[in-house]
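Asker: Here it is: the structure, laid out below.
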Amino acid sequence: PPAAHRDMTPVREYFSLYFHSENALFGMGNPLLDISAVVDKDFLDKYGLKPNDQILAEDKHKAMFDEIAKKSKVEYHAGGSTQNSVKIAQWMIQKPHKVATFFGCIGSDRFGEILKQKAEEAHVDAHYYQQTDEPTGTCAACITGDNRSLVANLAAANCYDKEKHLDLESNWDLVEKARVYYIAGFFLTVSPESILKVAKHASENNKIFGLNLSAPFISQFFKDDMMEVMPYVDILFGNETEAATFAREQGFEETGDIAAIARWAQALPKVNQRRPRTVVFTQGRDDTVATVGEKVTMFPVLDIDQNDIVDTNGAGDAFVGGFLSELVQERPLEECIRAGHYAANVIIRRAGCTFPEKPNFR
């Protein structure tokens, strides 16, 4: 029938269901329960903390997590880099729920139960590997005025066991359902064999696998594991500092030219030749750099008054989350980056990696 008389509603509904199908997006990483509370200077002094800092917990900090949890206005959020990104992707998509799947390791304890509850509230289909050797990983955000002192205790997050979780048939079925995969480089310190198994599946089935450089120390101290995964990477994320460190550690000389690094990283050996690698490097308030075909293109970020910036810690995770929300719908790169910029712009206006009830994107 002529287009004017054709009812396209069933077609739109079909494609909507396809693009937004459950478990279409898969993430795996280090789950942390973010615990935020306002504290005073005495609390910081007691545990040797600076007002505005990010550190890994030492033995002297262990009691701090229980103490901060007893504060009167404590807030809990499902955290950790990859979990933040898939949580934000799910928020951007809204419905149906459970488009995003997440795997990671937690403890069999109260914080683990809270983490499961928070993931459920975020409508993420989290399937945690629970063990009893280590407590659930936590990140304490000690707030004093406009400052946030972050103390991360990875604990159980370090205990992910591929054979006891990823290899289980019911869990691998969820991996196979996905069309887009994303893992932060931090997980290379925990289970590189799990990353490889997922990455190879994506490559063999012409699906999309994304990896984040995550932090300079990953490129420095886990370079062999990273380069074993790199041939399967379809989308490489990072910021300008991580990109420069990665390039230097791999012997690329033009470490001061972000566009040159992007071109070089794109040209690294790749198994699945049906998908050219895309490289996306953020630069804070400066333009995002991305490879588009044979070219490198600059994408301006959204303007924001510096007075409106509350907390930039979750900006990178938020950018990836926004990007993934469009990628899983098979939208073009420009739209993925636009969604990434939007999500980051929302998150930096708020404390922690949190967001309003609904996005205002489009």
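The values are calculated or read from the model by the stated rules, or taken from the named source; none is laboratory data. Bear in mind the structure is a predicted one, so any value in this text is a computation, not a measurement. Backbone-built Cβ (ideal geometry, glycine too); neighbour counts: all protein chains shown. Calculation scope for accessible area: heavy atoms of the full protein, side chains included, ligands and nucleic acids excluded. Shrake-Rupley method; radii C 1.70, N 1.55, O 1.52, S 1.80 Å.
Asker: Which one of the conditions (1) over 21 Å from A339 (Cβ atoms); (2) open to solvent by 10 Å² or more (accessible area, probe 1.4 Å) does M92 fail to meet, given that it meets all the rest?
Answerer: Condition not satisfied by M92: (1).
Asker: So, one more: Check region 221-235 and report whether any residue there is outside any loop (DSSP other than H, G, I, E, B), modelled with pLDDT under 95, surrounded by 23 or more Cβ atoms within 10 Å (Cβ to Cβ) and on the phi < 0 side of the Ramachandran plot.
Answerer: no
Asker: Please count how many residues of region 302-337 are more than 23 Å from A122 (Cβ to Cβ), open to solvent by 20 Å² or more (accessible area, probe 1.4 Å) and of a type in the set (V, I, T).
Answerer: Counting residues in region 302-337 that are more than 23 Å from A122 (Cβ to Cβ), open to solvent by 20 Å² or more (accessible area, probe 1.4 Å) and of a type in the set (V, I, T) gives 2.
Asker: Report, by residue number, each residue of region 166-187 that is over 18 Å from E22 (Cα atoms) and crowded, with 23+ Cβ neighbours inside 10 Å.
Answerer: Those that are over 18 Å from E22 (Cα atoms) and crowded, with 23+ Cβ neighbours inside 10 Å: I183, A184, G185, F187.
Asker: Out of the residues in region 54-89 that are modelled with pLDDT of 90 or more and acidic (D, E), which is least open to solvent (accessible area, probe 1.4 Å)?
Answerer: E67
Asker: Restricting to region 159-189, name every residue that is part of a loop (DSSP other than H, G, I, E, B) and either modelled with pLDDT under 95 or among the aromatic types (F, W, Y) (or both). Can you show your working first?
Answerer: Narrowing region 159-189 to residues part of a loop (DSSP other than H, G, I, E, B): 160-168, 178-179.
The one that is part of a loop (DSSP other than H, G, I, E, B) and either modelled with pLDDT under 95 or among the aromatic types (F, W, Y) (or both): Y160.
Asker: Then there is this: Go through (1) within 19 Å of the chain's Cα centre (by Cα); (2) open to solvent by less than 40 Å² (accessible area, probe 1.4 Å) for F299 and report which single condition fails.
Answerer: So the condition that F299 fails would be (1).
Asker: How many residues does region 118-165 contain that are open to solvent by less than 60 Å² (accessible area, probe 1.4 Å), touching a residue at least 60 places away in the same chain (Cβ under 8 Å) and of a type in the set (S, T, N, Q)?
Answerer: 6
Asker: I need the full set of residues from region 202-220 which are open to solvent by 20 Å² or more (accessible area, probe 1.4 Å) and either aliphatic (A, V, I, L, M) or more than 18 Å from the chain's Cα centre (by Cα) (or both), in order please.
Answerer: E204, N205, N206, K207, I208, Q220
Asker: If you scan region 140-150, which residues turn out to be closer than 15 Å to H61 by Cβ and either modelled with pLDDT of 90 or more or among the small types (G, A, S) (or both)? Break it down into steps so the answer makes sense when it comes.
Answerer: Within region 140-150, the subset closer than 15 Å to H61 by Cβ is 140-142, 149-150.
Within region 140-150, A140, A141, C142, S149 meet the criteria.
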